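Trainee: Input: one structure, supplied below.
Please treat every number below as a calculation from the coordinates, not as lab data. This structure is a prediction, so every number in the text was calculated from the model and none was measured. Here the Cβ is made from the backbone with ideal geometry for all residues, glycine too, and neighbour counts use every protein chain on show.
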Amino acid sequence: MSLEVMLNAAGLAFVVAGSRWHQADGQVMFVFILAMAAAEVAVGLALVLQIYHRFKSLDVDAISEMRG
Amino acid sequence: MEPTFYIAGGVAVISTVLMLTRLNLVHALLYLIVSLLAVSVVFFVLGAPFVAALEAIVYAGAIMVLFLFAVMMLNIGRDTETERLWLTPGIWTGPVILAGILILEVVYLARGASAGLGAGVTEPKEVGIALFGPYIIGVELASMLLLAGLVGAYHLGVRKTEKPEIQHDTATHEGRADSGGDLVLAGADRSARTT
């Protein structure tokens, strides 16, 4: 969710810049950011579900199988 | 137009800060939805109606529903007492007040003057021409990224649905066996049996 907020901020910066110089490029970049965020959310939520399915918990400290 | 921009931006900042400080996931989701809608209003005020509509539809509509589905799937099997606690009226007041400010602002914008702070409104037509003109490779790359995301999400999530699918499959096979073998050979078998 915080990642969503950060991506939103980047998109807002693009749109503001596009509005400042009256170019459509900023909005095009925002569309790309939107597509990327959608793909990233799908993969991230699938990962979270998989972790919950495997470890029965969402505690990040419990997922320490790769610890050396 | 300047006051509307500052009000929407203030609502966005306040709801985002409240979202980051919530300890409960569902409360944070409510504030995040309000934050996204506020950013959408900011886009509209800035003269980007196409992006504003896209933000409201894709972010506040689709991605938040995805988050809610994930939260609900993670809460399977627990008792519903916590959900009842979540839905007490005190929780709704904050997001509802912020969303009310946004609604008033949208009504004011719809009734009154044209949007477009700074350098005027960028029409959706210009965005489309720029998108499918010089940025056509970007569109193709985005489509490939979405396909990769789809395949990756399916690959990561497939183990959860594997067992029910197999059970479903065998169940249908047993059902077919009761009704006389599978459907392709059924007629041939019957004719062979009768002759």
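Trainee: In a shell of Cβ-Cβ distance under 15 Å around B:V39, excluding B:V39 itself, what net charge do Lys and Arg (+1) and Asp and Glu (-1) give? Kindly include the intermediate steps, with their values, before the conclusion.
Mentor: Values: positive: none; negative: A:E4, B:E55, B:E105.
Net local charge, B:V39 excluded: -3.
Trainee: Enter the Cα centre distance for the pair the range B:139-154 and the range B:26-40, rounded to the nearest angstrom.
Mentor: Cα centroid to Cα centroid, the span is 26 Å.
Trainee: Can I ask one more? Given the Cα-Cα distance of B:I129 and B:R111 and 0.36 nm per residue of separation, how much length would full extension add, in nm? Write out the running numbers ahead of the final one.
Mentor: Working: separation 18, 0.36 × 18 = 6.48 nm, distance 2.93 nm.
Stretched out fully, the B:I129 to B:R111 stretch lengthens by 3.5 nm.
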